[in-house]
Amino acid sequence: MSKTFSIGGIHPNDSKFSKDQAIEDLPIPKRVFLPMNQHLGMPSVPVVKKGDRVKVGQKVADPAGFVSAPVHASVSGTVTEVALYPDFQGKRVTTIVIETEGDEWLESIDRTQQVKQEITIVPEETFRKITEMGIVGLGGAAFPTHVKLTPIEGMAPEYLILNGSECEPFLTSDYRLMIEHGQEILIGAELMRRVLGTNVNGIIGIEENKPLAIQAMKKITANYLQWKVVPLKKRYPQGGEKQLIDALLQRKVASFALPISTGAIVQNVGTAFAVYEAVQKGKPLISNVLTVTGSDLSVQENYRFRVGTPIQDILEAAGALDKDGKLLSHFVKVVNGGPMMGKAVVNLQAPVVKSSSGLLLLTEKETKRREPGECIRCAKCFQACPMRLQPYLLYQLALAGRTEELDEHRVFDCIECGCCLYTCPARIPLLDQIRLAKNALLKNKRKK
Amino acid sequence: MNKLLVSPAPHWYGKETTQGIMRDVIIALVPAVLVSLYLAGVSALLVLMVSVAGCVLVEHLIVRYMMKKKTTVHDLSAVVTGLILALNLPVSSPWWMVLIGCVVAIGVAKMTFGGLGHNLFNPALVARVFLLISFPVQMTNWAVANGIFTPENPLIPGFLLGLQGQLPDALTGATPLGIVKEGLANGVSIKALAAQHNFSYSGMFFGHMSGSLGEASALALLLGFIYLLVRKVIRPIVPLSIVITVALFSGLLHLADPIQYADPLFHLLSGGLLLGAIFMATDYVTSPMSPLGMIIFGVGIGIITMLIRVWGAYPEGVSFAILFMNALVPLINKIKPFPYQKEVKRG
């Protein structure tokens, strides 16, 4: 019996239509937009100004504190603007715009394809490189990686978990990366493991619907004593930090506690690859892999993109635009990420960012919500909730504005995985209301 | 520029719908319906039809003309209520009584509370108990089920005219529970009663038990139960809690005095226990939402059922038991589920 997390969860169709598409390099965009909010934490501070010439890999923005990350030029050329631009959700953020000229890289970056296997660097150096190269978590939250690797008093890490579950339907970028660059991923993971401590054990969790990835990673881990691959039953949201720790270690993260309180640190396989490139090759986080997908089988790609490429350019390369540059008419929604937790794109001119993992194209039939019906108290939302919350109750309390009770019913345990709304036969906007209530509560708390 | 649809995650949804769930319940009731048709033919069909049509019509009229909203009958919940109500009635129920049942079930028990999802009590059960108290003669004149299909079926006059004592004696009989209750009161032993009235467990299981339409065959009900489980419409917690509680309760009594108290199998197979446990106590709207709540609910139903069957005035108590526990559901739902993780635990 394969392992899985113990509470709730759903089994959506995994729809991994693009899984056999090898990773392809996207053409270098004519212009990139580098927003300063590509990570969780304080926005970065630009260190270039209009007219500056930059090379690929050159730092263009400094971190604004510890929980922040620098940004590097993903193309070479001239900075044409440092101004407010709407990001993919329409929020205006300080953005560095670079007009591409050629493809000139910093000399310090090793651009050869050769895998640099031996680790010659000490952990302190690794940590410094991860910080300087702007590595952030590529599993979705984009939390600066060096912060997660910083020891916390009294919470010694025992396990480094590498998240290869890719439980979001449709997305296949992590899967392709594991198949094509498993060795590099493991070197990156090993580098992080050494930062945490030599006695830390490494576990790679991969869902069973990716047998090739399991096979590939198993073969590689054979040479690494401290690493093992654990196949997981396919179940959403297995890739959630708390769920993955539960699945692999049978330990549960308490409300408001950090995952490290259970002795485990979770890093995404994409992050491990970025760490490998940063430390072994001297390459900052200027590119990543994303899937362009949807149930329309003609648009299925896995691309290596330069950070800051306009979404429009990627869709064009994937053949999702018509000759006038408009989105093919049967698509009504573009999601940055997967169908469960991704965010709808408001503006196609906006760029993809460091942590973009997919562009999902949805048709009206797939994504349009039915009118909500009456709650029949079937409790399916409660059964699906991986945090054992009562979504129907939180929804009613949120509607009634009974905020104190929301707190009492652990609304902040909600990981916004979407299982409740996905499951609800009456299509009641459970998560929408819970999310609104959470935000309102947070604002209140900050005021106090 | 394209106009993009922008909405919060998730961006796709499961296929389950309220209507689909109701359709599954209807499918699960098919075996029981077929058994009733096989045993009582046209008269069963008439009761079923009037009940379903009546429930749907009452809901449509109320929503459309009293609440002035778009009709809700397409969610099929009224069909389910109609079917379950019919299965709770004797084959010989007169048409007007069935219709009154529909008005009580949908009009009083469901719509006055605000319709689907808002009712406190199971609508079909409210109607059944209402009819049982209002028309005790019609509600307890059980036709002996013996598979009559002929047009001269004397049950049809019963349906059209109402029972006025014109049914031949051979066609009416008391339910096993009624026989046992009365027999025991008169000091006859269980064994003697069973021999005298010729009821066997296999008969009760496969469908030769007299009683309401849906009570005839335990097998048919169990088939429906399996279907509901396979389709994940219901969880087995409530039915199992009821059955186990009844088995334990009656088992202890039977052990203490086998002459005075029937054995557990008799209690499980007789009356409306399985029909109630599988199809009425599991009604989403009127049952608890957490597993612990479901256990409390089921155990409560089991205990009250046995109290009524053994010491109460009525031979059967499932309906009352479920209705009583329905009333406690809002309280039971107040029990908080175990938190995901209370405090930090290190292994």
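FYI, it's all coordinate maths here, none of it is from the lab. Computed from a predicted structure; not experimentally measured. Cβ: placed from backbone, ideal geometry, glycine included. Neighbour counts: every protein chain shown.
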*asked:* Roughly how far apart, in whole Å, are the Cα centres of the stretch A:5-50 and the stretch B:278-322?
replied: 53 Å
*Under the Kirkwood approximation for Rh and a Cα-based Rg, what ratio Rg/Rh is obtained for the stretch A:389-448?*
0.96
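So what's the back-of-envelope 222 nm ellipticity for chain A, counting only DSSP H runs of four-plus at -39500 (n - 2.57) apiece and dividing by all residues, rounded to 500? Display every interim value, and only then the final one.
On the way: 13 runs with 127 residues, N = 448.
-8500 deg cm²/dmol, from helical runs alone.
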*Furthest towards positive pole of dipole, B:I62, B:V129, B:L46, structure part the stretch B:1-147, Cβ charges*: B:I62
*Which of B:M22, A:M133, B:M67, A:M178 comes first, and how do the rest follow, when ranked by fewest Cβ neighbours within 10 Å?*
B:M67, B:M22, A:M133, A:M178
_Listed residues A:S255, A:N201, A:A213: farthest to the positive end of the dipole of the stretch A:190-263 (Cβ charges)_ = A:A213
*Between rounded, prolate and oblate, where does the stretch B:1-140 land on the alpha carbon gyration tensor, with a ≥ b ≥ c its root eigenvalues, rounded for a/c under 1.5, else prolate if a/b exceeds b/c?*
prolate
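Going by how many other beta carbons lie within 10 Å of each one, how would you line up A:Y395, A:Y224, B:Y65, A:Y236, fewest first?
Working: A:Y395 23, A:Y224 14, B:Y65 9, A:Y236 28.
Least crowded to most crowded, the residues run B:Y65, A:Y224, A:Y395, A:Y236.
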*Percent of Cα pairs exceeding the 15 Å cut-off, where the set is the stretch A:24-95*: 54 percent
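Tell me, in nm to one decimal, what length is gained between B:L331 and B:S7 on full extension, where the rule is 0.36 nm per residue of separation less the Cα-Cα distance?
On the way: separation 324, 0.36 × 324 = 116.64 nm, distance 3.60 nm.
That pair, B:L331 and B:S7, stretches by 113.0 nm at full extension.
Round to the nearest 0.05 the FRET efficiency obtained for A:H11 and A:R304 when R0 = 35 Å and r is the Cβ-Cβ distance.
On the way: r = 31 Å, r/R0 = 0.88.
Step by step, r from the Cβ atoms, then E = 0.70.
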*May I ask you to work out the translational diffusion coefficient for the stretch A:13-156 at 37 °C, viscosity 0.692 mPa s, via Stokes-Einstein with Rh from the Kirkwood sum over Cα pairs, reported in whole µm²/s?*
190 µm²/s
*Work out the length of the dipole vector of the stretch A:105-201 about its Cα centre, built from +1 on the beta-carbon of each Lys and Arg and -1 on the beta-carbon of each Asp and Glu, and round it to the nearest 20 debye.*
40 debye
*Residue order, fewest to most beta carbons within 10 Å, for B:F249, A:F273*: B:F249, A:F273
*asked:* Explain nothing, just the number: dipole magnitude of the protein assembly as shown about its Cα centre with +1 on each Lys and Arg Cβ and -1 on each Asp and Glu Cβ, in debye rounded to the nearest 20.
replied: 1280 debye
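Taking a quarter of the surface of the convex hull around the Cα atoms of the protein assembly as shown, what do you get in nm²?
Values: hull surface 159.1 nm².
Result: 39.8 nm².
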*Starting at 0 and stepping by 5 Å, how many percent of the alpha carbon pairs of the stretch B:190-341 end up in each bin?*
2, 10, 17, 21, 20, 14, 8, 5, 2, 1, 0, 0
*Would you mind checking the pairs A:K3/A:K210; A:K326/B:K15; A:K443/B:K3; A:K368/B:K3 and listing those with alpha carbons more than 25 angstrom apart?*
A:K326/B:K15; A:K443/B:K3
*Share of Cα-Cα pairs in the stretch A:345-448 beyond 17 Å, in percent?*
60 percent
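Could you compute the FRET efficiency for A:L436 and B:H118, with r as their C-beta to C-beta distance and R0 at 25 Å, rounded to 0.05?
Details: r = 24 Å, r/R0 = 0.96.
After rounding to 0.05, the efficiency reads 0.55.
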_Given Cβ point charges of +1 (Lys, Arg) and -1 (Asp, Glu) and nothing else, what value in debye, to the nearest 20, does the dipole of the stretch A:287-406 about its Cα centre take?_
280 debye
*Could you calculate the FRET efficiency of A:F66 with B:I259 from 1/(1 + (r/R0)^6), where r is the beta carbon distance between them and R0 is 60 Å, rounded to 0.05?*
0.15
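Percent of Cα-Cα pairs more than 20 Å apart in the stretch B:21-85, please.
Details: 669 of 2080 pairs.
So the pairs more than 20 Å apart make up 32 percent of the total in the stretch B:21-85.
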_Net charge of neighbours whose Cβ lies under 10 Å from the Cβ of A:P70, counting Lys and Arg as +1 and Asp and Glu as -1_ = -1
*Putting +1 on Lys and Arg Cβ atoms and -1 on Asp and Glu Cβ atoms, find which of A:L389, A:H409, A:C420 reaches farthest to the positive end of the dipole of the stretch A:377-422.*
A:C420
_Residue list for the stretch A:177-213, given a label point 7 angstrom along the Cα-to-Cβ vector of A:V122 and an amide N cut-off under 16 Å_ = A:194-198
*Give me the Debye-computed log₁₀ of I(q)/I(0) at q = 0.17, 0.25 Å⁻¹ for the stretch B:60-108, equal point scatterers on Cα only, no solvent, two decimals.*
-0.55, -0.96
*Mean-position separation - Cα centroids, the stretch A:103-162 and the stretch A:425-448, in angstrom*: 35 Å
*If you check each cysteine of chain A for another cysteine whose beta-carbon is under 4.7 Å away, which ones come up empty?*
A:C167, A:C375, A:C378, A:C385, A:C414, A:C417, A:C419, A:C424
*Calculate how large, on average over all directions, the projected area of the Cα convex hull of the stretch A:304-398 is; give the answer in nm² to one decimal.*
8.5 nm²
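State the dimensionless ratio Rg/Rh of the stretch B:240-319 (Rg: radius of gyration of Cα atoms; Rh: Kirkwood radius). Intermediate values should be presented prior to the final figure.
Working: Rg = 12.5 Å, Rh = 12.7 Å.
Across the stretch B:240-319, the Cα-based Rg/Rh ratio is 0.98.
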*Geometric extent, Cα atoms of the stretch A:183-261 - Rg, Dmax (angstrom)*: 13.3, 38
*Where Rh denotes the Kirkwood radius from the mean inverse Cα pair distance, what is Rg over Rh for chain A?*
0.95
_With N set to the number of residues, divide the alpha-carbon radius of gyration of the stretch A:78-231 by 2.2 N^0.38 Å and report two decimals._
1.22
